[in-house]
1. In Å³ and rounded to a whole number, note down the convex hull volume per residue for the Cα atoms of region 3-138.
2. Helix 8-18: angle to the longest alpha-carbon principal axis of the chain, degrees 0 to 90, nearest 10?
3. Could you pull out the GluC sites (Glu not before Pro) across region 49-140 that fall in loop regions by DSSP (anything but H, G, I, E, B) with no more than 12 other Cβ atoms inside 10 Å?
4. Work out, step by step, the length gained on full extension between Q73 and K33: first 0.36 nm times the residue separation, then minus their alpha carbon distance; give nm to one decimal.
5. At 222 nm, what helix-only mean residue ellipticity would the chain give, in deg cm²/dmol to the nearest 500, using -39500 (n - 2.57) for each DSSP H run of four or more?
6. Could you derive backbone 3J(HN,Hα) for region 86-100 from the dihedral phi with the Karplus parameters 6.51, -1.76 and 1.60 (θ = phi - 60°), listing whole Hz in sequence and x where the residue is Gly or Pro?
7. Just need the relative contact order of region 32-140 here, percent rounded to a whole number, with Cα pairs under 8 Å and 6+ apart.
8. Per residue of region 121-134, what does 6.51 cos²θ - 1.76 cosθ + 1.60 with θ = phi - 60° give for ³J(HN,Hα)? Whole Hz please, x for Gly and Pro, Karplus curve as stated.
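Any read-out appearing in this document is the output of simple, stated calculations on the displayed coordinates, not a laboratory observation. Quick caveat, the model's predicted, so the values are computed rather than measured. Ideal geometry is used to build each Cβ from the backbone, glycine not excepted, and the neighbour counts take in all protein chains shown.
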Amino acid sequence: MDRSTGDPALIAAVIVSAMTTTHGKAFANALAKKDFAAISDLLHPEIDFRGLTPSRNWEAGNPDDVIQGILRQWFEDSDQIEELLSVETDAFADRERVGYRFRVRNPEGLFAVEQQAYLEERDGKIAWIRVLCSGFRPID
C-alpha cells in the first residue's frame, strides 16, 4: 500500500498512539482533591467547557468560570470527596476520554458520583472538554 496518500487507518493509529492520557487523569485526580489551583493550571485560558448534570447544562469560557461557576457548585464545601474509586483513560481519534468515580460524603449521606469526559488539548492545556455527570447517587 502506498502510504504517501495518507491512509486513514494509519493516520488514526498515529494520532491515537501519539496522544497521552495525562490531562484527563490529572483533571480527575485534582478534582478528587478539590485542588482548584491544579485544575486552573490544566485549563487553557480560552477553555470551551460544557457540562451536563441531571438537572441542568453548564457552560464556561475561562478557567475562573469553570472553577467558581461550575466545579465549586458541583462539589460544595460540605461535599467531602473521600476517595477516587476509579479512573479510566483512553484515546479516541483526536480526543482523550476519561471516566472517573468518587465516593462523596456530605450532611445528606454517602454518595457515588461518576463523570465521563472527552477533551482536547491545545498548547499543552485542556482547551475543550465535555463532561457528563451521573449526579450524586446514594450508597447504602
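1. It comes to 110 Å³ per residue, whole-number rounded.
2. Its long axis makes an angle of about 50 degrees.
3. Here the sparse-neighbourhood loop sites are E76, E108.
4. Gain on extension, Q73 to K33, equals 12.9 nm.
5. -6500 deg cm²/dmol
6. After applying 6.51 cos²θ - 1.76 cosθ + 1.60, I find 7, 8, 10, 10, 7, 10, 9, 6, 9, 10, 9, 10, 9, x, 8 Hz.
7. The value is 27 percent.
8. 10, 8, 6, x, 10, 6, 10, 9, 8, 10, 10, 10, 10, 6
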